[in-house]
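One structure is given here, and the rest of the page talks about it.
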Amino acid sequence: MTKKLYIKTYGCQMNVYDSARMTDVLAPLGFVTSDRPEDADVIILNTCHIREKASEKVFSELGRLRSVKENRKTSPVILAVAGCVAQAEGNEILERAPYVDIVLGPQTYHRLPEMVARAAWTRVLETDFPPEPKFDHLPVPTTDGVTAFLAVQEGCDKFCTFCVVPYTRGAEYSRPVTAVLAEARRLVATGAKEITLLGQNVNAYHGTAPDEKSPWGLGRLLRVLAEIDGLHRVRFVTSHPRDVDDDLIAAFRDLPQLMPYLHLPVQAGSDRILAAMNRGHTAADYRRLVERLRRARPALALSGDFIVGFPDESEVDFADTLALVQDTGYAQAYSFKFSPRPGTPAAEAPHQVPEPVKAERLARLQEMLSAQQTLFNSVFVGREMPVLLDRRGTHSGQLAGRSPYMQAVTVTAPDSLLDQIVNLRIERVRPNSLEGTLVDSAGPEYGSCGCGGACHGAKGE
Ligand code: SAH
Ligand code: SF4
Ligand code: F3S
């Protein structure tokens with residue numbers, strides 16, 4: 001008998017991936033997904049603990065789901081809280097929300113079927129870090145789209161002083177190369193043309209080699225992934241500046257399938273603050289790294305993450321962040337006010353920055369970042385670029401997709417071009433997307449010219 005599963009996902013792409021894996025693991029029990037909690041037999045909130053606002057959302061959403069559960073008269077509803085808030089505050093959730101049946105941490109998803117069975121008679125808390133890696137016990141995923149995520153690494157040993165991830169996701173673990181390749185081939189065989197490799201520190205990847213000798217880094221892994229027939233685009237998130245090695249830089253130089261776009265968070269531009277954050281590099285190290293990457297791949301665009309108002313951040317420190325942003329030039333970025341997270345060293349640090357100062361700095365930083373983004377996008381007007389049309393647009397007759405730089409692009413185009421990589425001429429920049437027109441719908445698929453994006457799809461290069 002089919003049963004319905006409703007999953008709501010917060011946080012990073014790893015959580016999006018995990019939600020898909022939880023769906024896979026429950027499918028053999030007859031569960032199909034539903035987008036209405038009111039219909040569901042099992043409801044899962046897959047939560048994020050990264051900032052205060054993120055974890056507060058969980059308790060307000062739980063309040064709403066409580067009434068869904070109480071209003072159901074026909075059959076029981078199992079309510080589960082998964083993800084990073086579950087890991088960090090499992091006991092508190094069980095105490096504060098007695099109607100929650102299951103609390104499960106990110107490393108225990110493979111045991112979900114058994115937990116659902118147990119939830120019929122008892123409340124379940126599973127937040128240990130089991131010795132067996134969950135990946136070995138999850139079904140090999142397929143994709144229902146032309147783009148797919150593939151987790152290659154999980155966890156973090158860096159312990160930046162502001163961050164909960166090392167506590168919620170545990171120690172760094174890299175999946176063996178053969179497992180990653182098998183999953184990638186399966187994704188391509190089921191329709192993926194673009195794969196995004198995921199990891200909390202994806203470029204710390206050091207997976208067991210196929211010959212089980214010395215482990216492979218991310219650069220080497222990318223080289224073999226690029227050999228998979230039918231895989232046109234590869235990306236990876238999130239990288240740490242400290243783990244960008246020569247081999248990864250060379251991969252950007254050599255692999256046209258590797259998209260010319262790198263998310264490389266720096267958090268701050270002041271050496272004093274970077275040291276207090278335990279980032280393990282200076283602003284000058286970051287500048288040098290960006291220079292080397294751009295030398296290897298001139299078309300490379302960067303995105304970043306920033307935190308303003310870290311404890312003891314002065315106006316001078318903040319000016320260093322603005323200067324680094326000014327000099328680096330970002331295509332896109334995320335920026336946040338420092339949020340003190342329970343259990344992290346920075347939450348206890350003296351000289352916390354007052355809220356209005358954080359807000360004012362965030363506004364100034366965002367103004368600069370958004371001007372850079374507008375400038376980056378405007379450069380494409382009148383130029384051609386290859387776009388992977390992965391969905392229908394909001395208007396009829398319209399398709400939408402992503403450029404090599406993750407820009408959303410819309411175009412009036414026939415349905416036959418859905419799931420294809422098509423050259424578009426960019427006509428207009430809108431606030432959240434670019435608008436293009438078809439150039440040559442029968443044109444070569446992106447990557448065939450070998451420039452890897454440097455020509456932005458222009459012919460003859
Ligand atoms: N592994 C990635 C970051 C993962 S968290 C890295 O090392 O860069 C995603 C982003 O959330 C971080 O880059 C940081 O900018 C932000 N973040 C993490 N903890 C935060 C906190 N306590 N307050 C504000 N922003 C935070
Ligand atoms: Fe958090 Fe730092 Fe690890 Fe990134 S590298 S997940 S910011 S501790
Ligand atoms: Fe959030 Fe956990 Fe991801 S804290 S950002 S869901 S690793």
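A few notes on this one:
- Scope the range 141-156; condition surrounded by 18 or more Cβ atoms within 10 Å (Cβ to Cβ), part of a loop (DSSP other than H, G, I, E, B) and away from ligand 3 (no atom under 16 Å from the Cβ); matching residues: P141, T143, V146
- Residue that is nearest to G219 (Cα to Cα), among those in the range 180-204 that are away from ligand 2 (no atom under 11 Å from the Cβ), buried (at least 18 other Cβ atoms within 10 Å of the Cβ) and among the small types (G, A, S): A184
- Failed item, numbered, when D305 is tested on (1) within 14 Å of ligand 1 (Cβ to nearest atom); (2) acidic (D, E); (3) part of a loop (DSSP other than H, G, I, E, B): (3)
- Hey, R361 touching a helix residue (DSSP H, G or I) at 6+ places or on another chain (Cβ under 7 Å) and modelled with pLDDT of 95 or more or not: yes
- The residues listed here are L79, L138, L125; of these, the one that is more than 14 Å from ligand 3 (Cβ to nearest atom) and crowded, with 21+ Cβ neighbours inside 10 Å is L79.
- Hits in the range 287-326 - residues which are basic (K, R) and in contact with a helix residue (DSSP H, G or I) (Cβ under 8 Å, 6 or more places away or on another chain): R287, R292, R297
- Pairs meeting the criteria (first residue in the range 343-359 and on the phi < 0 side of the Ramachandran plot and within 16 Å of ligand 2 (Cβ to nearest atom), second residue assigned to a loop (DSSP other than H, G, I, E, B) and aliphatic (A, V, I, L, M), beta carbons under 8 Å, at least 6 apart or on different chains) are T344/V164; A346/M277.
- Restricting V266, V290 to residues that are within 15 Å of ligand 2 (Cβ to nearest atom), over 30 Å from D229 (Cβ atoms) and in contact (Cβ under 8 Å) with a residue 12 or more places away in the chain narrows the list to V266.
- Positions within the range 157-172 being in contact (Cβ under 8 Å) with a residue 60 or more places away in the chain and either near ligand 2 (Cβ under 6 Å from one of its atoms) or part of a loop (DSSP other than H, G, I, E, B) (or both), in sequence order: K158, F159, C160, T161, F162, C163, V164, V165, G170
- When G207 is tested against the conditions (1) more than 23 Å from T47 (Cα to Cα); (2) within 18 Å of the chain's Cα centre (by Cα); (3) away from ligand 2 (no atom under 16 Å from the Cβ), the lone failure is (2).
The values are calculated or read from the model by the stated rules, or taken from the named source; none is laboratory data. All of these numbers come straight from a predicted model, not from anything done at the bench. With ideal geometry, Cβ positions are generated from the backbone for all residues, glycine too; neighbour counts draw on all protein chains shown.
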